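Structure first, commentary second.
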Amino acid sequence: MLTETDRAAHLQTTLGSAELRQDFPILDQEIRGNPLIYLDNAATTQKPRSVLKAIRDYYENDNSNVHRGIHALSQRATEAYEGARERAAAFINASRSEEIVFTRGTTEGINLVAQSWGRVNLKPGDKILLTEMEHHSNIVPWQLLAEQIGVELVYLPITGEDGMLDLNRLDEFLSRDVKVFAMTHISNTLGTINPVAWLCQRARRQGIVTVVDAAQSAGHSPLDVQAIGCDFLAFSGHKMCAPTGIGVLYGRKDLLEAMPPYQGGGEMILSVDFHKTTFKRPPLKFEAGTPNIAGAIGLKAAMDYIDTLGREAIFEHDCDLGRYAYQQFSQLDGIRLYGPVQERAGLLSFLLTDVHAHDLVTATDQKGLALRGGHHCNQPLMRKLGIESTARVSGYFYNTRKEIDQAVEIVNAVQRFFSG
Ligand code: C6P
């Protein structure tokens, strides 16, 4: 019988192994007679048995509302929910669990910062710095705010198809009345890994508040908010083995304390009068209504699972898949690859000269290969690159180089079919 430590050591050397894949029942199936090759992990990842079990156990044994009841089930549910908050704090090395607000995901986390922090701390004429590789979730909330209070958005450019931020121009941008710098950690289209600690440090020197979109990095790489030095950081559970509908917004304690509520309702109040309400302190102040209790419990189980494998090992494995995919796909004729060649995360966007990304992805699905085709909620980036869409492969720790080889083969076959 293996101890947990032995099992972890064993699995680390076998990321992508058949043994590890057994933890993910969904992977073991055929699509139209072909074994499923799931390479759409940037959209959402699959869930291991331990996460499914934690959710099931909660509903079978402890289901109740949190923070409200005095009865045993409610106490157990509250303990599990608050335990998940502590686990999330440890997962990103926040100094206290009060800095962890449960949200529906990255999108809600960024909206919360824009509407709660942004509305009271920004004034007309202030500037918000974003980058040209942001996901819509880190653009649209700021645009809504801009319409409401008259702030302006500015974008740090990328250098080109190699998908790097133009860091030589950072100082120029930081000096332009910028009050917030919101940036993605890993680009979901380019696979670029941005130097967020360095970017935050530069911004901070000028008193600029920083927001990190960690949707593609949480659960894929080590993540330490104190080392990064950011003010806010948002991520989604479903992109790291947890269920949909749960995410985390990390916020520095002093900032959260000073922010007004984001939504009003139950859970977040101390006392309500017909005309006046007083609120709880963060994080509950920002969690109006019954939260996603099962989701938080699933998220804790996902964090435990991921840390059993080791995030450094996962990062290495992911990056290896990304580099390998770049190498192998680059050998196809009539293909254009986007993003960095070497220092890249485990995803790759590409375009074939003769096949539209949507047609390609529809055709690969016939062979059991799940890719994503489209603008990936990166329309401004696509326009900047002069394209409308890309096809994307995105791997995780259960994927293998062999699956990348199979993907290349299937894409090549589709290409040959279309070119007649
Ligand atoms: N990207 C993709 O296929 P939500 O939907 O809130 O969980 O995550 C939004 C989000 C924010 N930032 C980045 C960098 C993201 O990649 C995503 C989600 C998915 O690439 C859906 S478009």
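Screening residue 250 with (1) without any contact (Cβ under 8 Å) to a residue 12 or more places away in the chain; (2) touching an Asp or Glu at 6+ places or on another chain (Cβ under 6 Å); (3) not small (Gly, Ala, Ser) gives one miss only, at (1). The residue of the stretch 291-339 that is surrounded by the fewest Cβ atoms within 10 Å (Cβ to Cβ), among those that are closer than 16 Å to residue 248 by Cα and of a type outside the set (A, V, I, L, M), is 304.
Give the residue that is nearest to the ligand (Cβ to nearest atom), with candidates limited to residues of the stretch 137-162 that are under 22 Å from residue 376 (Cβ atoms) and open to solvent by 40 Å² or more (accessible area, probe 1.4 Å). Before the answer, list the steps.
From the stretch 137-162, those under 22 Å from residue 376 (Cβ atoms) are 137-144, 153, 155-162; that's our starting set.
Filter once more, keeping what is open to solvent by 40 Å² or more (accessible area, probe 1.4 Å): 140, 143-144, 155, 159, 161-162.
Details: 140: 11, 143: 15, 144: 15, 155: 15, 159: 19, 161: 18, 162: 18 Å.
Across the stretch 137-162, the extreme among qualifying residues is 140.
So which of 104, 119 ends up being of a type in the set (Lys, Arg) and in contact with a strand residue (DSSP E or B) (Cβ under 7 Å, 6 or more places away or on another chain)? Lay out the reasoning, then the answer.
Values: 119 fails: in contact with a strand residue (DSSP E or B) (Cβ under 7 Å, 6 or more places away or on another chain).
Of 104, 119, the one residue that is of a type in the set (Lys, Arg) and in contact with a strand residue (DSSP E or B) (Cβ under 7 Å, 6 or more places away or on another chain) is 104.
Residues considered: 180, 212, 248. Of these, the only one that is away from the ligand (no atom under 12 Å from the Cβ), within 25 Å of residue 286 (Cα to Cα), among the β-branched types (Val, Ile, Thr) and crowded, with 23+ Cβ neighbours inside 10 Å is 180.
Here are some residues: 233, 199. Which one is within 16 Å of the ligand (Cβ to nearest atom) and within 21 Å of residue 307 (Cβ to Cβ)? So that I can check it myself, show each step before the final result.
Details: 199 fails: within 21 Å of residue 307 (Cβ to Cβ).
Answer to the selection: 233.
Filtering the stretch 39-60 to residues that are away from the ligand (no atom under 13 Å from the Cβ) and among the hydroxyl-bearing types (Ser, Thr, Tyr) leaves 50, 58, 59.
Looking across the stretch 23-38, the residues that are closer than 25 Å to residue 217 by Cα, open to solvent by 20 Å² or more (accessible area, probe 1.4 Å) and part of a loop (DSSP other than H, G, I, E, B) come down to 23, 36.
Within the stretch 352-361, is even one residue within 14 Å of the ligand (Cβ to nearest atom), touching a Gly at 6+ places or on another chain (Cβ under 9 Å) and in contact (Cβ under 8 Å) with a residue 24 or more places away in the chain? So that I can check it myself, show each step before the final result.
Kept after step one, since they are within 14 Å of the ligand (Cβ to nearest atom), are these residues of the stretch 352-361: 357, 361.
Filter once more, keeping what is touching a Gly at 6+ places or on another chain (Cβ under 9 Å): 357, 361.
Checking which are in contact (Cβ under 8 Å) with a residue 24 or more places away in the chain leaves us with 357, 361.
Among the residues of the stretch 352-361, at least one is within 14 Å of the ligand (Cβ to nearest atom), touching a Gly at 6+ places or on another chain (Cβ under 9 Å) and in contact (Cβ under 8 Å) with a residue 24 or more places away in the chain, which makes the answer yes.
Summed over the stretch 364-409, the residues that are open to solvent by less than 30 Å² (accessible area, probe 1.4 Å), in a helix (DSSP H, G or I) and either aromatic (Phe, Trp, Tyr) or under 19 Å from residue 329 (Cα atoms) (or both) give a count of 5. Among the residues of the stretch 213-256, those identified as of a type in the set (Asp, Glu) and farther than 23 Å from residue 316 by Cβ are 231, 254. Of all residues in the stretch 73-119, those being open to solvent by 50 Å² or more (accessible area, probe 1.4 Å) and within 16 Å of the ligand (Cβ to nearest atom) number 2.
Assuming residue 70 fulfils every condition listed in (1) farther than 30 Å from residue 283 by Cβ; (2) open to solvent by 20 Å² or more (accessible area, probe 1.4 Å); (3) at pLDDT below 95 apart from one, which condition is it? Every listed condition holds for residue 70 apart from (1).
The values are calculated or read from the model by the stated rules, or taken from the named source; none is laboratory data. As the structure is a prediction and not an experimental result, all values here were calculated from the model. All Cβ positions, glycine included, derive from the backbone under ideal geometry; neighbour counts span all protein chains shown. Surface accessibility is based on the protein's heavy atoms, side chains included, excluding ligands, DNA and RNA. Shrake-Rupley method; radii C 1.70, N 1.55, O 1.52, S 1.80 Å.
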